[in-house]
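Novice: Can you keep this structure in mind? I'll have questions shortly.
The values are calculated or read from the model by the stated rules, or taken from the named source; none is laboratory data. These numbers were taken from a predicted model, which means no experiment stands behind them. Counting neighbours? That spans all protein chains shown, and the Cβs are built from the backbone with ideal geometry, glycine included.
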Amino acid sequence: MTPGTITQKILAAHAEEGAARPGEIITVRPDVVLLNDVSGPLSFEQFEAMGVAGPFDPDRIVLVADHFAPAPNVTAAGAIAMTRDFARRHGISHYYDPGRGGIEHALLAELGLIGHGGIVFGADSHTCTAGAFNGLGIGFGSTDLAAAMATGRLWMRVPDSIRVELIGAPGSFVTGKDVILELIRRIGSDGAAEASLEFGGSGLAALSMDERMAVANMAVEAGADMCVFEGDAHSAADMERRGMAPAPAVMPDSGAAYRDRIVIDLASLSPMVAKPPSPAAGVPVGALRGQRVDQVYVGNCANGTMTDLRQVAEMLRGRRVADGVRMVVVPATQAIWRQAMAEGLLEVIAAAGAAVSTPTCGACFGGHMGILAAGETAIATTNRNYRGRMGHPDSQVFLANAWVAAAAAVRGEIVPPEEIAALMPEPIA
Amino acid sequence: MSLQYEGLVHRLGDEINTDVILPGRYLALRRPEELGRHCLEGLDPGFAGRVRPGDILAVGRNFGCGSSREHAVIALKAAGIAAIVAHSAARIFFRNAINLGLPVILCPEAAAALREGALARVSLPGSLTAPLVVQDGREWQGAPLGSEVEAILAAGGLVPRVRQTLAA
Ligand code: SF4
C-alpha cells in the first residue's frame, strides 16, 4: 500500500473503488448528510424530480432550520415549513427547529454524529467544520445533495493534501481564529484549491476542540475542498462526552505525499483582524487600532461556542458596551445557550448592554437579526467579510476572534484586547 | 455529446463570490425569475438588465467562491447566462453549475482575452476532448471536462442523469 494522508485514508475507507490517490475520480458513501432551511428546499424539489421512492437512509439525514430560523418573514417561514414537511414525509427524525437545535455545524458535532474517520456531506460550504473532529466534512450544493439523498453516494475528485504543522503554544488573546486568519493570509483565498488542509504537529494539543472548529470552519475561505485535524486525546474525549462509540483516530502514514508543507508557530501569532472585503486580508489587531465600529457580532457556526462566550463575558464583566455601538451575541446551539445561562455568562453579557439572541445564522449571512445599513461597519467573529455579506453593499465587516470583538465593543473601535483587559473593571452596580 | 453556445460576452474580475452573485437576503426565494432579477446585484445592480438570453460570462480567478448556495447558479441562468469561461472556479460552484446544465470552461487564456460586448462561441465536443472558445477568429482550448461532467451536461443536468442511472 502507498502511504496515505489522513484525507486519502478516510476517503478510501468510504470509496467504492477502495483506493483514493490525488486526482482520481471516486464514488464516496457518506456517514451523514446535512441540509438546512436554505439549501434544503432547493434540494427537496430536485430530490422529488429524481423519481426515487425515498431517501437512501432517513436515519442518516440531518435537517436543521438555522439560516432563517426563527422565521423573519412569510417567504422564509415557507422554506422552513418545506424542510419540516420533508422530514415528516420521509421519516427523518433528525429535524431541528429553534429551541431544540442550533447552527448546523455546531449542532452536528454536539449530537455526536461526526467523530474520528467519519464523513459528512453537507449542503453548506462550512461543512468543512467537521474536520476539527478528525472526520471529513465536504460541502456541496442542493442538487448534489439531492443525489446523495437519493443514492447514498456522490462522485468526487480526490484532493491533494497540504500539511499544516502547528508548533509552539499561543500567547494571551490568541485563538484558533487567529491561526486560520494567519494561514489564509499566507496562502490566499484559493491557496488550498483542489486540496485538503491537514492540521497536526506538537502545537495541536494547545488547541481545544472549540478552537479546532474555528480553524476547520474557514478552510473553505482558503479555497480548500476539505480539511482534517489529526485525532488525539482531546478528540477522543470529545467523542466520549458526546456519547459516541470509541473509534481509532485516523493518522497520516509516514511517507505520505503532500503538495505543500506549512509551519505555523502559534507562539509567534498575535490576534488578527481580516479587513473587508476578503478573509485573506488579515493584519495584526494593532494595525487597525482606532477603526470605528457600529456593530459587534459574536456568533456563527464555529465562533459561537462556550469558549467564545466565556471570552466575551470575561471581557465585558463590569464593563459597558460603548455608547453608539450595538452588540449582538448569538450562542451557536440551544445547549450552548443553556450552558452559558447556567454559568451566568448571559447575565454578564446582557448587563453590559449587549443583545443576546437565540441560536440562528441570522446576520452572519445577511439574513436577519442584525443586518447592516449603508455605510455601517461591523466587527464579527464570523467567517466572511465579502462585500454586502451582512447587509447593504456599502457596509463593511472586519473578522476577528471573540476577545478582539468584545474589546472593540467596549472601546467603540478596534483595540488590542490586552489594553481593555488591563483596565480595572468597574464594580457591577 | 456536442453542445454549442453563442452569445455576447460580459466580463467580471477575480474572486467574484456567491454573496455578490446572489445576496443572502434573497435566499428564501426559489423561483428562477425572482432570483434572476437580483443576479449580481451585490456588485452591479444594472447587470441583470443588460444580459440577453444566451450570453457568455468571462471571469477571473476563483469564480463563485464562498457559499454553496445554488441560488447563485439559478440566478445567473435565469438572467440569461448560457456558459461561463473562467480562469478558475471554486469547486462547489463548478459542480452546482454543471449539475444545473450551465457549462463552466476552465481556460485562463480565453478568460483573459475575451472582449466585452462582442460575440463569442463555446463548443463542447464531448468524448473527453477539449472544449473550444472562439471569438474574432481566435481560438482557445479549455481543460477537458472529464467523463462524469460530460455525462451530466449531456443528460441536461444531474437530475436527468440520476434518473438515467437509476433506470439503467
Ligand atoms: S453561521 Fe454563517 S457561516 Fe455558519 S452556516 Fe450559518 S450562515 Fe453559514
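Novice: State which residue pairs qualify: first residue within 14 Å of another protein chain (Cβ to nearest Cβ) and inside region A:204-225, second residue among the charged types (D, E, K, R) in any location, beta carbons under 6 Å apart, and separation of 6 or more residues or different chains.
Specialist: Once the first residue is within 14 Å of another protein chain (Cβ to nearest Cβ) and sits in region A:204-225, its partners that are among the charged types (D, E, K, R) give A:223/A:190; A:225/B:91.
Novice: Let me ask another. Testing residue A:129 on (1) closer than 19 Å to residue A:365 by Cβ; (2) at the interface with chain B (Cβ under 7 Å from one of its Cβ atoms); (3) not small (Gly, Ala, Ser), one condition comes back false. Which one is that?
Specialist: All conditions pass for residue A:129, except number (2).
Novice: Residue check: is residue A:85 more than 14 Å from chain B (Cβ to nearest Cβ) and touching a residue at least 24 places away in the same chain (Cβ under 8 Å)?
Specialist: Working: more than 14 Å from chain B (Cβ to nearest Cβ): yes; touching a residue at least 24 places away in the same chain (Cβ under 8 Å): no.
No: the conditions fail for residue A:85.
Novice: Does residue A:132 satisfy the criteria of being under 14 Å from residue A:215 (Cβ atoms) and either assigned by TED's automatic domain parsing to the domain that holds residue A:380 or surrounded by 24 or more Cβ atoms within 10 Å (Cβ to Cβ) (or both)?
Specialist: The answer is yes for residue A:132.
Novice: In addition: Taking residue B:129 as meeting all but one of (1) closer than 17 Å to residue B:145 by Cα; (2) assigned to a helix (DSSP H, G or I), write down the number of the exception.
Specialist: (2)
Novice: Is it the case that some residue within region A:161-176 is of a type in the set (Lys, Arg) and outside any strand (DSSP E or B)?
Specialist: Quick first cut of region A:161-176, residues of a type in the set (Lys, Arg) only: A:163.
Next, from what is left, pick out any that are outside any strand (DSSP E or B): none.
Within region A:161-176, none of the residues are of a type in the set (Lys, Arg) and outside any strand (DSSP E or B).
Table: residues versus (1) within 14 Å of the ligand (Cβ to nearest atom); (2) away from chain B (no Cβ under 14 Å).
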{"position": "A:343", "(1), (2)": "no, yes"}
{"position": "A:348", "(1), (2)": "no, yes"}
{"position": "A:359", "(1), (2)": "yes, yes"}
{"position": "A:369", "(1), (2)": "yes, no"}
{"position": "A:372", "(1), (2)": "no, no"}
{"position": "A:379", "(1), (2)": "no, yes"}
{"position": "A:386", "(1), (2)": "yes, no"}
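Novice: Quick check on my filter: what residues within region B:59-68 are crowded, with 24+ Cβ neighbours inside 10 Å and more than 7 Å from chain A (Cβ to nearest Cβ)?
Specialist: Within region B:59-68, B:63, B:64 meet the criteria.
Novice: A follow-up question, please. Just checking, which of B:87, B:71 is within 13 Å of chain A (Cβ to nearest Cβ), in contact with a Pro (Cβ under 6 Å, 6 or more places away or on another chain) and within 24 Å of residue A:193 (Cα to Cα)? Can you show your working first?
Specialist: Working: B:71 fails: in contact with a Pro (Cβ under 6 Å, 6 or more places away or on another chain).
One residue alone meets the criteria, B:87.
Novice: Among what's in region B:22-73 and is among the basic types (Lys, Arg) and over 15 Å from the mean Cα position of the chain (by Cα), pick the residue that is nearest to the ligand (Cβ to nearest atom). Show your work before the answer.
Specialist: Narrowing region B:22-73 to residues among the basic types (Lys, Arg): B:25, B:30-31, B:37, B:50, B:52, B:61, B:69.
Retained after the next criterion (residues that are over 15 Å from the mean Cα position of the chain (by Cα)): B:25, B:30-31, B:37, B:50.
Values: B:25: 12, B:30: 18, B:31: 22, B:37: 23, B:50: 30 Å.
Selected residue: B:25.
Novice: Report yes if some residue within region A:298-309 is assigned to a strand (DSSP E or B) and either under 30 Å from residue A:160 (Cβ atoms) or touching a residue at least 12 places away in the same chain (Cβ under 8 Å) (or both); otherwise report no.
Specialist: Applying the first criterion (assigned to a strand (DSSP E or B)) to region A:298-309 yields A:298.
Next, only the ones that are either under 30 Å from residue A:160 (Cβ atoms) or touching a residue at least 12 places away in the same chain (Cβ under 8 Å) (or both) stay: A:298.
Checking region A:298-309: at least one residue is assigned to a strand (DSSP E or B) and either under 30 Å from residue A:160 (Cβ atoms) or touching a residue at least 12 places away in the same chain (Cβ under 8 Å) (or both).
Novice: Quickly run through region A:55-74 and pick out the residues that are surrounded by fewer than 18 Cβ atoms within 10 Å (Cβ to Cβ), of a type outside the set (A, V, I, L, M, F, W, C) and either under 30 Å from residue B:166 (Cα atoms) or modelled with pLDDT under 95 (or both).
Specialist: If the condition is that a residue be surrounded by fewer than 18 Cβ atoms within 10 Å (Cβ to Cβ), of a type outside the set (A, V, I, L, M, F, W, C) and either under 30 Å from residue B:166 (Cα atoms) or modelled with pLDDT under 95 (or both), then A:57, A:58, A:59 are the ones that fit.
Per-residue answers, yes or no, for (1) of a type in the set (S, T, N, Q); (2) within 16 Å of the ligand (Cβ to nearest atom); (3) within 14 Å of chain B (Cβ to nearest Cβ); (4) over 25 Å from residue A:113 (Cα atoms):
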| residue | (1), (2), (3), (4) |
| --- | --- |
| A:238 | no, no, no, no |
| A:242 | no, no, no, no |
| A:245 | no, no, no, no |
| A:248 | no, no, no, no |
| A:253 | no, no, no, yes |
| A:268 | yes, no, no, yes |
| A:271 | no, no, no, yes |
| A:303 | yes, yes, no, no |
| A:309 | no, yes, no, no |
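Novice: Also, I was wondering about something else. Being out of contact with any helix residue (DSSP H, G or I) (no Cβ under 7 Å at 6 or more places or on another chain) and basic (Lys, Arg) is true for just one of B:69, B:91. Which residue is that?
Specialist: Numbers: B:69 fails: out of contact with any helix residue (DSSP H, G or I) (no Cβ under 7 Å at 6 or more places or on another chain).
Going through B:69, B:91 in turn, the sole match is B:91.
Novice: Output the residue which, of all residues in region A:388-403 that are within 25 Å of residue A:178 (Cβ to Cβ) and away from the ligand (no atom under 15 Å from the Cβ), is nearest to the other protein chains (Cβ to nearest Cβ). Let's see the steps before the verdict.
Specialist: Residues of region A:388-403 that are within 25 Å of residue A:178 (Cβ to Cβ), as a first pass: A:389-390, A:395-403.
If we keep only those that are away from the ligand (no atom under 15 Å from the Cβ) as well, we get A:395-396, A:398, A:400-401, A:403.
Working: A:395: 11, A:396: 13, A:398: 16, A:400: 19, A:401: 21, A:403: 26 Å.
So the residue we want is A:395.
Novice: Okay, next question. May I ask you to say which residue of A:257, A:267, A:287 is of a type in the set (A, V, I, L, M, F, W, C) and part of a loop (DSSP other than H, G, I, E, B)?
Specialist: On the way: A:267 fails: part of a loop (DSSP other than H, G, I, E, B); A:287 fails: part of a loop (DSSP other than H, G, I, E, B).
Testing whether each residue is of a type in the set (A, V, I, L, M, F, W, C) and part of a loop (DSSP other than H, G, I, E, B) leaves just A:257.
Novice: I would also like to ask the following. Any residue at all in region A:314-329 that is within 15 Å of the ligand (Cβ to nearest atom) and either more than 12 Å from chain B (Cβ to nearest Cβ) or in contact (Cβ under 8 Å) with a residue 60 or more places away in the chain (or both)? Write out each step before concluding.
Specialist: As a first pass, look at region A:314-329 and keep what is within 15 Å of the ligand (Cβ to nearest atom): A:328-329.
Right, trim to either more than 12 Å from chain B (Cβ to nearest Cβ) or in contact (Cβ under 8 Å) with a residue 60 or more places away in the chain (or both) and you get A:328-329.
Within region A:314-329, one or more residues are within 15 Å of the ligand (Cβ to nearest atom) and either more than 12 Å from chain B (Cβ to nearest Cβ) or in contact (Cβ under 8 Å) with a residue 60 or more places away in the chain (or both).
Novice: Right, next: Which pairs have Cβ atoms under 9 Å, sit 6 or more apart or on different chains, and link a residue in region A:363-377 that is in a helix (DSSP H, G or I) to one that is more than 9 Å from the ligand (Cβ to nearest atom) and modelled with pLDDT under 95?
Specialist: The qualifying pairs are A:365/B:25.
Novice: Now, a different point. Among the residues of region B:71-108, count how many are in a helix (DSSP H, G or I) and touching a residue at least 12 places away in the same chain (Cβ under 8 Å).
Specialist: To start, the set of residues in region B:71-108 that are in a helix (DSSP H, G or I) comprises B:71-79, B:91-99, B:108.
Retained after the next criterion (residues that are touching a residue at least 12 places away in the same chain (Cβ under 8 Å)): B:71-79, B:92-94, B:96-99, B:108.
Counting residues in region B:71-108 that are in a helix (DSSP H, G or I) and touching a residue at least 12 places away in the same chain (Cβ under 8 Å) gives 17.
Novice: Another question, then. Could you check residue A:358 against (1) over 18 Å from the mean Cα position of the chain (by Cα); (2) surrounded by fewer than 19 Cβ atoms within 10 Å (Cβ to Cβ) and say which number it fails?
Specialist: So the condition that residue A:358 fails would be (1).
Novice: Go through B:111, B:120, B:143, B:154 for me and flag whichever is more than 11 Å from chain A (Cβ to nearest Cβ), under 15 Å from residue B:5 (Cα atoms), of a type in the set (A, V, I, L, M) and not in a strand (DSSP E or B). Outline the logic, then answer.
Specialist: Details: B:111 fails: under 15 Å from residue B:5 (Cα atoms); B:120 fails: not in a strand (DSSP E or B); B:143 fails: under 15 Å from residue B:5 (Cα atoms).
Only one candidate qualifies: B:154.
Novice: Restricting to region A:354-409, count the residues that are in contact with a Ser or Thr (Cβ under 6 Å, 6 or more places away or on another chain), hydrophobic (A, V, I, L, M, F, W, C) and more than 17 Å from residue B:25 (Cβ to Cβ). Reasoning before the result, please.
Specialist: Restricting attention to region A:354-409, the residues satisfying the condition of being in contact with a Ser or Thr (Cβ under 6 Å, 6 or more places away or on another chain) are A:359, A:364, A:369, A:372, A:376, A:396, A:401-402, A:405.
Imposing the further condition that a residue be hydrophobic (A, V, I, L, M, F, W, C) reduces the set to A:364, A:369, A:372, A:402, A:405.
Retained after the next criterion (residues that are more than 17 Å from residue B:25 (Cβ to Cβ)): A:402, A:405.
So the answer is 2.
Novice: With respect to residue A:280, is the statement that it is in a loop (DSSP other than H, G, I, E, B), assigned by TED's automatic domain parsing to the domain that holds residue A:344 and either at pLDDT below 95 or not aliphatic (A, V, I, L, M) (or both) true?
Specialist: no
Novice: Quick test of your reading of the structure: residue B:42 fulfils all but one of (1) touching a strand residue (DSSP E or B) at 6+ places or on another chain (Cβ under 7 Å); (2) facing chain A (nearest Cβ under 10 Å); (3) among the small types (Gly, Ala, Ser); (4) at negative phi. Name the failing condition by number.
Specialist: For residue B:42, the failing item is (1).
Novice: I've got another one for you. With respect to the numbered conditions (1) in a helix (DSSP H, G or I); (2) within 18 Å of the chain's Cα centre (by Cα), which one is the sole condition not fulfilled by residue A:228?
Specialist: Condition (1) is where residue A:228 drops out.
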